[in-house]
Amino acid sequence: MINLVVALPAEARPLIRHYHLRSREPRGLFPVHENETIRLVVCGAGKVSAAAATAFLQATGDHAGMQGWLNVGVAGHAEQAIGEGLLAHRITDQATGRQWYPPLVIDRPPPSGNLTTLDQAGPEYPDETMLDMEASGYYPIACRDATAELVHSYKVISDNRQSPAGSLNAARVEDLVSGRLEEIDTLITQVSELAHELRALHAAPPELELFEANWRFSVSQRHQLRRLLKRWHLILPGESAWSGLPVGLRHSREVIACLEERIGVLMPDVPRHD
């Protein structure tokens, strides 16, 4: 599942059409549009609204598995060409000075830049940064629900020093987002693929519940058990680690030692402890 946080209806409309999103009823605190794989919330302008809408989507959504988050919208920039799309590699809250650095570990990310969130839009265009009013509210809340590699902000440049924001209207904003749908779609696909990989990496190994139901493991022993079972099923996919256990193991430490010994026989050059 990918969660989209969008400030304005004009930014949302191209995405709603492109992904055939349906309005969620009843509406709740914020309008939500969704299909089987994407949820979009329209938060309104400002970082407080963005934070609240992100938390609302977390509270009312499906929490099964690791999910991706993407803040999509328009932003100003001193020099960047209007219509250019940029992914944020640094997000700065102008009022507090707090900064976040979204890890760009997806394959072939789009061009990226700094993003500064303002409390109030003004006529100035600081050098070397995009300007918006949502990202610093959205980003830390989204990171509570997902690993940072899955949380991003993507902005389409809507105004610059040569063409200030005063000439913008809803139709123009809608056209700008529509012009970057292909890149947004690629980004959503890449984040979805990364989420799938991370879910597989963090998933409980086969037979974990069976072992935990039969012996009492400490917290540190649970971590050892997970690593050992993952290693076992990596070496022998499809072969049960349970079926070959000796009869009469009474304590969890005996189970850990037995698994380590069996894996050591299969891979004698691998150290017994991580």
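FYI, it's all coordinate maths here, none of it is from the lab. Just so it is clear, the structure is predicted and the values come from calculations on it, not from any experiment. Note that we place each Cβ from the backbone using ideal geometry, even for glycine, and neighbour counts take in every protein chain shown.
List, in order, the whole-Hz ³J(HN,Hα) value for each residue of region 164-176 obtained from phi through the Karplus relation with A = 6.51, B = -1.76, C = 1.60 and θ = phi - 60°; use x for Gly and Pro.
x, 5, x, 8, 6, 9, 4, 5, 5, 4, 4, 5, 5
What is the fewest-to-most order of TYR139, TYR19 by other Cβ atoms lying within 10 Å of their Cβ?
Least crowded to most crowded, the residues run TYR19, TYR139.
Exactly which GluC sites (Glu not before Pro) in region 1-69 are in a DSSP loop and have at most 11 other Cβ atoms within 10 Å? All intermediate terms of the calculation are to be shown ahead of the outcome.
On the way: sites: GLU11, GLU34, GLU36; in loops: GLU36.
Filter output for region 1-69: GLU36.
Could you check the spin-label model distance between LEU29 and LYS230? Points 7 Å from the Cα along Cα→Cβ, value in nm.
So the label points at LEU29 and LYS230 sit 3.5 nm apart.
At SER112 and ASP62, where each label point lies 7 Å from the Cα along Cα→Cβ, what is the point-to-point distance in nanometres?
3.0
Please report LEU21, LEU40, LEU236, LEU266 as a ranked list, fewest other C-beta atoms within 10 angstrom at the top and most at the bottom.
Ordered from fewest to most neighbouring Cβ atoms within 10 Å, LEU21, LEU40, LEU236, LEU266 come out as LEU266, LEU236, LEU21, LEU40.
For the chain, with only Lys/Arg (+1) and Asp/Glu (-1) charged at the beta-carbon, what is the dipole magnitude about the Cα centre, in debye rounded to 20?
820
Loop-only check: which chymotrypsin sites (Phe, Trp or Tyr not before Pro) in region 174-244 are DSSP coil with at most 14 other Cβ within 10 angstrom? Can you show the working numbers first?
Values: sites: PHE211, TRP215, PHE217, TRP232, TRP242; in loops: TRP215, PHE217, TRP242.
For chymotrypsin sites (Phe, Trp or Tyr not before Pro) across region 174-244 that sit outside H, G, I, E and B with at most 14 neighbouring Cβ atoms in 10 Å, the list reads TRP242.
Can you show me the helix-derived [θ] at 222 nm for the chain, built from DSSP H runs with n ≥ 4 at -39,500 (n - 2.57) apiece and divided by the number of residues, rounded to the nearest 500.
About -11500 deg cm²/dmol.
Which angle between 0 and 90 degrees, to the nearest 10, do you get for helix 47-60 versus the longest principal axis of the chain when only C-alpha atoms count?
40
Could you tell me the center-to-center distance, by alpha carbons, between region 155-213 and region 20-74 in angstrom?
Using only Cα atoms to place each centre, the spacing works out to 13 Å.
Which whole-Hz ³J(HN,Hα) couplings does region 26-37 yield from phi under the Karplus relation 6.51 cos²θ - 1.76 cosθ + 1.60, θ = phi - 60°, glycine and proline marked x?
x, 5, x, 5, 9, x, 10, 10, 8, 9, 6, 10
Be a star and scan region 52-91 for residues whose amide nitrogen sits under 17 Å from the point 7 Å along the Cα-to-Cβ vector of SER178.
Of the residues in region 52-91, 73-74, 83-84 have backbone N under 17 Å from the label point off SER178.
So which GluC sites (Glu not before Pro) in region 110-206 are both in a DSSP loop and have at most 15 other Cβ atoms within 10 Å of their Cβ?
Answer in residue order: GLU124, GLU128.
Can you match Cα extents along the principal axes in Å to one of these, [x] 78, 42, 33; [y] 52, 52, 50; [z] 46, 38, 35, based on a calculation from the structure here?
Matching entry in [x] 78, 42, 33; [y] 52, 52, 50; [z] 46, 38, 35: [x].
³J(HN,Hα) across region 80-92 via Karplus (A = 6.51, B = -1.76, C = 1.60, θ = phi - 60°), whole Hz, x for Gly/Pro?
Along region 80-92, the couplings run 4, 5, 5, x, 6, x, 9, 8, 7, 9, 8, 10, 10 Hz.
Relative to a virtual label point 7 Å from the Cα of ALA171 in the Cα→beta-carbon direction, which members of region 10-25 show backbone nitrogen distances below 15 Å?
Only 10 pass the distance filter.
Among TYR125, TYR101, rank each residue by its count of other Cβ atoms within 10 Å, from fewest to most, as a rough exposure measure.
TYR101, TYR125
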